[in-house]
Amino acid sequence: MAAVQALFQIEQNEDRAESVVQQFMVHRFGTTLNNDSYEEGYVPEPDTRLFVSVVKEAVSHRSLILDQLAATLPATWPVTRLDPVLRALFMAALGEALAGEVPASVIINEYMDIAHGFFSGDEPKLVNGVLDTAIKQLTSTEKNQRPSEAEDNKAD
């Protein structure tokens, strides 16, 4: 959720990613809220390493992610037509997929849950379909572009 919020802020305010990540680390993580917001008023500690990784991957692979979204979405639904929150959600999910730390099925499930938190219409279904296709294509493209370990070892 925090990565979606950070990516939304980066896009909407044209802020630098490093600045937004720092703001989240200092001002938003590990805080408490009123008792009616979270169980016993406590906001669980976020996985800051994963947060930084997701934001970094999404920002550094922005063009690749947007191209993949354009290829995955119906032709009648260009990326620019997406709600900014939905676009940030896709950026975070695909950034997390590119980081390669979490299985695709978990990413899809988590981001569908986030979509349900923001949207009451068909957007969660769109998230499911788009992420299923886009993650498969992005991760296979990414694997094909990376040199194999054998080639890496030859260079040593």
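Computed from the coordinates by the stated procedures, all read-outs in this text should not be read as laboratory data. Just so it is clear, the structure is predicted and the values come from calculations on it, not from any experiment. Counting neighbours? That spans all protein chains shown, and the Cβs are built from the backbone with ideal geometry, glycine included.
Quick rundown of the values:
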quantity	calculated
Gain on full stretching of the segment that runs from residue 110 to residue 1 - 0.36 nm per residue minus C-alpha separation	38.3 nm
Sites residue 70 and residue 29, calculated FRET efficiency, Cβ-Cβ separation with R0 35 Å, nearest 0.05	0.60
Under the Karplus curve 6.51 cos²θ - 1.76 cosθ + 1.60, θ = phi - 60°, whole-Hz ³J(HN,Hα) for region 54-68, x wherever Gly or Pro sits	5, 4, 4, 5, 5, 6, 6, 10, 3, 4, 4, 5, 5, 4, 5
P(r) of region 2-145 over all Cα-Cα pairs, binned every 5 Å from zero, in whole percent	2, 10, 19, 22, 20, 15, 7, 3, 1, 0
Estimated inter-spin distance, residue 140 and residue 77, nm [label 7 Å along Cα→Cβ]	2.1
Order of 66, 73 under a 10 Å beta carbon neighbour criterion, fewest first	66, 73
Charge dipole of region 2-145 about the Cα centre (unit charges at C-beta), most positive-ward option of 105, 64, 128	64
For 61, 116, 27, order by how many other beta-carbon atoms lie within 10 Å, fewest first	27, 116, 61
